[in-house]
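What follows is a short report on a single structure.
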Amino acid sequence: MSEKTAVLIIGGGIAGIQASLDLAGRGFQVYLLEETPTIGGRMAQLDKTFPTMDCSICILAPKMMECFRHPNIKLITYSELKEVKGTVGDFHVKIRKKPRYVDETKCTGCASCTEHCPIEVPSEFDMRLGMRKAIYMPMPQAVPRCMTIDRENCIECKLCSKICRAGAVDFSQQPQDIDLNVGAVIVATGFDQYDPSEIVEYGYQRLRNVLTALEFERWVCASGPVGGHLLRPADGGIPKKIAFIQCVGSRGRKFGTPFCSSVCCMYATKEALIIREHAPDVQVYIFYNELRAFGKGFQEFINRARQDYGVNYIRSRPGEIKEDTGKKTLTIWYDDTLTREIKTLADVDLVILCSALLPRSSNRKLAELLGAELDDYGFFRITHPLLAPVDTTVPGIYVCGYCQSPKDIPDSVAQASAAAARAAEALALVQVQRLGGGT
Amino acid sequence: MSEYEPRIVGFLCNWCGYAGADLAGTSRLSYPTNIRIIRVMCSGRVEPAFILNAFENGADGVLVAGCHPGDCHYRSGNQHAEKRIEKTKKLLDLLGIGSERLRLEWVSASEGEKFASVIKDFTEKLRGKGPSPLVKDLQPVPVQHNATESIHDILKRTKALYCQECGKCSSSCPVTRLDPTYSPRLAVEKALMGLEDAVLTDKGLWSCLTCYLCRQRCPLDIEYDELIRTCRAKAEAKGITGQCSHEGVLFSVSRLMASPETKQNRMDWIPPEAEIAKTGKLMYFVGCLPYFNVVFDDIGVRNIEIAQSMLRVMNAAGIKPVVLEEERCCGHDLSFSGDIASFTRLAKINSATIKKSGVTKIVTTCPECFRTLKLDYPEFLGRRKFEVVHASEFLSELIDNGKIKFAGKIDQKVSYQDPCRLGRHMGVYDLPRKVMTSIPGIELVEMERNRQNSLCCGVSAWMGCGRHSKQMQIERLTEAKDTNAGLLVTACPKCQIHLNCALSERLPVEKEKIAIETCDLSVLVARAMNLTLNSTEMNKK
């Protein structure tokens, strides 16, 4: 297959993975670009999914492996986009592959180097709650299964090099430039989580028992920093009372962002269920504004949480979280807007802030490289909000997943397939034209 | 002048003064008809506010008559009266009305003749002095955001239409926590339902401290303080007013200053060696400190030290600031209590005075003056040509420029009370802290609630000081005490007044749990520069 019928997909999360598999399955050459050392994206960080309560990595990992194995997909991980030129059917792309200092073709991912590495730093994959080594794989299911040396923190003791039986460690690696010629591009960069520390009354980063929801996903995950035990972050105590606060930084006008992140009502419910399954004696409270359960099976999911799992829903945005004096537990001040009473919820062991999910801040730079436009919030602008949901303002460049608009996993997957179909359509047109045909 | 007849308001005690007047009448003694008599149960009931109010309403003189010392029917009412009259006389002198227009007399029930002669004498004296300098009928002034703005327009302007009724405001509000009958959320809800009367007649309208905590936390950025301010103006236009603390004496002081003819005598506080200028680039806007110093004399706060310290620091830094006798109250409290007309009058007079002096930069030691001059004057009068900085910013600049030389170490742990006007209203959190910590030896320890989360001192704009205010003050002082600091620094004269007021009262809390010395930021800096005040000279004032 000619290079001109190849596609570049930016972002190796679930949307990028789905678009890659769709296009590769149709016979197109796919280059899947990912900036971190592994594909998998946000979905890989989640413990479970709503409303099916599937183990997230369990349903994602086979797709990641499929990408790795597929003859038509080339993974370009730990790399960044440098330049894009040309038009639909003929984009010239420059990519800079960062040195891993480990040979991808030799490394078996046995991890003996990791065991011996003396340097520990906070793990980005575990939302900095757990530690990783200076030579590391972000997660056990990483694809490609290859170590990466973080040279910023590496002390160059070269123990890893001595231990590696495959002889994969290579400190002499240099950045590598890759030139590609592709016919279409799909953008699937996903989201960043809003840092709620500016909402000072919730004490994020001041109070250790306050976590964001994404942090909690790692915290409670069996492959996470504490092995999936439900513990109080500050002292490892056993929690008895856990509260979620919705709309932290979303649906606002001062902090964060005005839009609704669309998934928090559901994932909070999911996390509440996870908690009740882990420890049925833990009381769970969800402080919500409106319950936005619009998807298939969503309202039933919430009903189940209320009926069968005894999750308490309170309509309120709490005013303040206060640490109880002399204890690590927290007190939440809130206005129960349905009973119109100002109340406190005391002795809360863990507060989870359902922090707004924002389009990635790096979209700005990416859009500049692509010549595409962003909207006011940083989502990729589409040419028609109703009738062209995946077409960016540049012909031949398509968008899917959260970087297009807030959405959950099933919607991201559906949209990835749509973007793949649109890219295939553009490439088919190019092929027809090349054969001398017309439209 | 020949047709001028002084108008005298007489507050006569039921048992002596009034009975004396009665005797004068039944004895058919003749005395001038210039007096209008108001009977009170005791001369001790006569608040300074009553007297100022009489002057506001056109009196040329006020007579208070009570029982002779030792004869009070309530043991010591007349002794209280004596103290209050003394205080009020000081205020009248400051306001340029003149203390001789106020007279306290002991007239017993049997002294009909004395009563008649007192009236004769007082009337003659007042005739000699001429009418009160106050303009009696002030012309109405056009005001911004006036009472004609509809509730819907107010909601729109203050962004309250965005309200999601999430209750973050009400669960943050320090008043709602103590008094659940008041809630910012429910107030907005009522307004959103269009229940204008319910909003304006709700006593909660006057409970709000406009401390900005709810606005700080509101995810929708609803300008609740502004909503309250405008609704209060609307309520006042309908004749609904709130409960003013100290019977409104400080509102009277402000309103009396809003009269264009008022000629104050407010410069006595300036130490003899201090240097000030009439014109120049930099002005020190003193605010109401000379008045506070009189009114709050009895709770152990010497507010005027703030002004004296600031002036000494400025002089030591080689600055001779403009300080003007014509300066008036900035109008903050009036604007936040619904009297937008008087506020606008004050703003206009001050703006003209500032313009005439050629000042380009104004330093204030009061965060309310800071907010009002910086935010409200431009909003109500259009863009101003002067820059306004609070003392903390000014002192911090002086420290940066090496103009301040600290004399030595002050080994002390201090804590800091963020004033709501300086902190949440104006976003100044770091500068006062920077000033404090640049003093050698000072260690700053934060209270549990600090910066954006800081707790208000309990009262604002002299509205409704009550049980909840005291409770908040106890909470705040307990927090301060818990830091183990030896000194609580404030950057607002009113925070200092309110916290000290709590300390001077009998409250349901053990004294040692709340007792902490308070000090203004400027005073602390002057102390650290060894510009200590001469106490004998101070006491004369």
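Among the residues of the stretch A:297-308, those identified as in contact (Cβ under 8 Å) with a residue 40 or more places away in the chain and under 25 Å from the mean Cα position of the chain (by Cα) are A:Gly297, A:Phe298, A:Phe301. Only one of the numbered conditions (1) open to solvent by less than 10 Å² (accessible area, probe 1.4 Å); (2) farther than 23 Å from B:Ile228 by Cα; (3) at pLDDT below 95 is violated by B:Ala461, and that is (2).
Sub-6 Å Cβ pairs linking a first residue in the stretch B:252-265 that is among the aliphatic types (A, V, I, L, M) to a second residue that is assigned to a loop (DSSP other than H, G, I, E, B), at least 6 apart or interchain, are B:Leu256/B:Leu95; B:Met257/B:Arg328; B:Met257/B:Cys329, ordered by first then second residue.
Within the stretch A:301-319, identify whether any single residue is of a type in the set (Lys, Arg), part of a loop (DSSP other than H, G, I, E, B) and either more than 22 Å from A:Val248 (Cα to Cα) or out of contact with any Cys (no Cβ under 7 Å at 6 or more places or on another chain) (or both), and answer yes or no. No - not one qualifying residue is present in the stretch A:301-319.
Here is a yes/no grid of residues against (1) under 14 Å from B:Cys330 (Cβ atoms); (2) open to solvent by 30 Å² or more (accessible area, probe 1.4 Å); (3) part of a helix (DSSP H, G or I):
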site	(1), (2), (3)
B:Val249	no, no, yes
B:Glu275	no, yes, no
B:Met283	yes, no, no
B:Ile306	no, no, yes
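Of the residues B:Lys129, B:Lys125, only one is open to solvent by 10 Å² or more (accessible area, probe 1.4 Å), farther than 15 Å from B:Leu256 by Cα, over 30 Å from the mean Cα position of the chain (by Cα) and of a type outside the set (S, T, N, Q); which? When all the criteria are applied, what remains is B:Lys125. Taking the stretch A:323-349 as the range and being within 11 Å of chain B (Cβ to nearest Cβ), modelled with pLDDT under 95 and within 32 Å of the chain's Cα centre (by Cα) as the test, only A:Glu323 passes. What about A:Asp335, is it crowded, with 22+ Cβ neighbours inside 10 Å, of a type in the set (D, E, K, R) and part of a strand (DSSP E or B)? When the stated conditions are applied, A:Asp335 passes them.
Within the stretch B:411-418, does at least one residue satisfy the condition of being assigned to a loop (DSSP other than H, G, I, E, B), more than 14 Å from chain A (Cβ to nearest Cβ) and without any contact (Cβ under 8 Å) to a residue 40 or more places away in the chain? Steps first, answer last, please.
Within the stretch B:411-418, the first condition is being assigned to a loop (DSSP other than H, G, I, E, B), and the residues that meet it are B:411, B:418.
Among the residues that remain, those that are also more than 14 Å from chain A (Cβ to nearest Cβ) are: B:411.
Now drop any that are not without any contact (Cβ under 8 Å) to a residue 40 or more places away in the chain, which leaves B:411.
The answer is yes; a qualifying residue exists.
Taken together, the residues in the stretch B:162-213 that are more than 14 Å from chain A (Cβ to nearest Cβ), part of a loop (DSSP other than H, G, I, E, B), under 14 Å from B:Gly242 (Cβ atoms) and free of Cβ contacts under 8 Å to residues at least 40 places away in the same chain amount to 2. Annotation: B:Lys385 fulfils all but one of (1) assigned to a helix (DSSP H, G or I); (2) open to solvent by 20 Å² or more (accessible area, probe 1.4 Å); (3) within 18 Å of B:Ile362 (Cα to Cα); the unmet one is (1). Residue-level check: of (1) over 16 Å from B:Val525 (Cα atoms); (2) in a helix (DSSP H, G or I), B:Glu393 misses just (1). Annotation note: Cβ proximity below 8 Å between a residue of the stretch A:401-426 that is more than 21 Å from A:Leu366 (Cα to Cα) and a residue that is β-branched (Val, Ile, Thr) (sequence gap 6+ or interchain) occurs for A:Asp408/A:Val263; A:Ile409/A:Ile14; A:Ile409/A:Thr49; A:Val413/A:Ile14; A:Ala418/A:Val390; A:Ala426/A:Val88. The set of residues in the stretch B:367-381 that are open to solvent by 10 Å² or more (accessible area, probe 1.4 Å) and under 11 Å from B:Arg421 (Cβ atoms) comprises B:Glu368, B:Arg371, B:Lys374, B:Leu375.
All conditions but one from (1) away from chain B (no Cβ under 14 Å); (2) modelled with pLDDT of 95 or more; (3) out of contact with any Asp or Glu (no Cβ under 9 Å at 6 or more places or on another chain) apply to A:Lys270; the one that does not is (3). Do we find that B:His498 is open to solvent by 30 Å² or more (accessible area, probe 1.4 Å) and under 20 Å from the mean Cα position of the chain (by Cα) in this structure? So B:His498 does not fit the description; no. For the stretch A:341-377, filtered to residues that are surrounded by fewer than 18 Cβ atoms within 10 Å (Cβ to Cβ) and among the small types (Gly, Ala, Ser), the residue that is farthest from A:Cys403 (Cα to Cα) is A:Ala346.
Taking strands (runs of 3 or more DSSP E) as the structural unit, those lying wholly within the stretch A:1-108 and holding at least 1 residues that are within 15 Å of A:Pro144 (Cα to Cα) correspond to A:29-33, A:73-76, A:79-87, A:90-97.
This table checks each residue for (1) within 14 Å of another protein chain (Cβ to nearest Cβ); (2) open to solvent by less than 50 Å² (accessible area, probe 1.4 Å); (3) in contact with a Pro (Cβ under 8 Å, 6 or more places away or on another chain).
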{"position": "A:Ala279", "(1), (2), (3)": "no, yes, yes"}
{"position": "A:Asn289", "(1), (2), (3)": "yes, yes, no"}
{"position": "A:Ala293", "(1), (2), (3)": "no, yes, no"}
{"position": "A:Phe298", "(1), (2), (3)": "no, yes, yes"}
{"position": "A:Phe301", "(1), (2), (3)": "no, yes, yes"}
{"position": "A:Gln307", "(1), (2), (3)": "no, no, no"}
{"position": "A:Gly310", "(1), (2), (3)": "no, yes, no"}
{"position": "A:Pro318", "(1), (2), (3)": "yes, yes, no"}
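B:Leu398 meets all of the listed conditions (1) buried (at least 24 other Cβ atoms within 10 Å of the Cβ); (2) in a helix (DSSP H, G or I) but one, namely (1). Filter the stretch B:214-223 down to residues that are touching a Lys or Arg at 6+ places or on another chain (Cβ under 7 Å) and either open to solvent by less than 10 Å² (accessible area, probe 1.4 Å) or facing chain A (nearest Cβ under 9 Å) (or both) and give me whichever is nearest to B:Trp462 (Cα to Cα). Within the stretch B:214-223, the match that is nearest to B:Trp462 (Cα to Cα) is B:Gln216.
Pairing each residue of the stretch B:430-455 that is within 14 Å of chain A (Cβ to nearest Cβ) and part of a helix (DSSP H, G or I) with any residue that is of a type in the set (Val, Ile, Thr) and surrounded by 16 or more Cβ atoms within 10 Å (Cβ to Cβ), provided the two are 6+ apart or on different chains, yields C-beta distances under 9 Å for B:Arg451/A:Val200; B:Gln452/A:Val200; B:Asn453/A:Val200.
Among the residues of the stretch B:308-332, those that are open to solvent by less than 10 Å² (accessible area, probe 1.4 Å) and touching a residue at least 60 places away in the same chain (Cβ under 8 Å) comprise B:Gln308, B:Ser309, B:Met310, B:Val313, B:Glu327, B:Cys329, B:Gly331, B:His332. Considering only the stretch A:143-155, I want to know if a residue exists there that is under 30 Å from A:Glu320 (Cβ atoms) and either surrounded by fewer than 22 Cβ atoms within 10 Å (Cβ to Cβ) or within 14 Å of chain B (Cβ to nearest Cβ) (or both). No, the stretch A:143-155 has no match at all.
The values are calculated or read from the model by the stated rules, or taken from the named source; none is laboratory data. Owing to the predicted nature of the structure, the values given are computational and were not obtained by experimental measurement. Glycine gets a Cβ as well: all are built from the backbone with ideal geometry, and neighbour counts include every protein chain shown. Ligands, DNA and RNA are stripped out before the accessible areas are found, and what is left, the full protein with its side chains, is counted by its heavy atoms. Shrake-Rupley method; radii C 1.70, N 1.55, O 1.52, S 1.80 Å.
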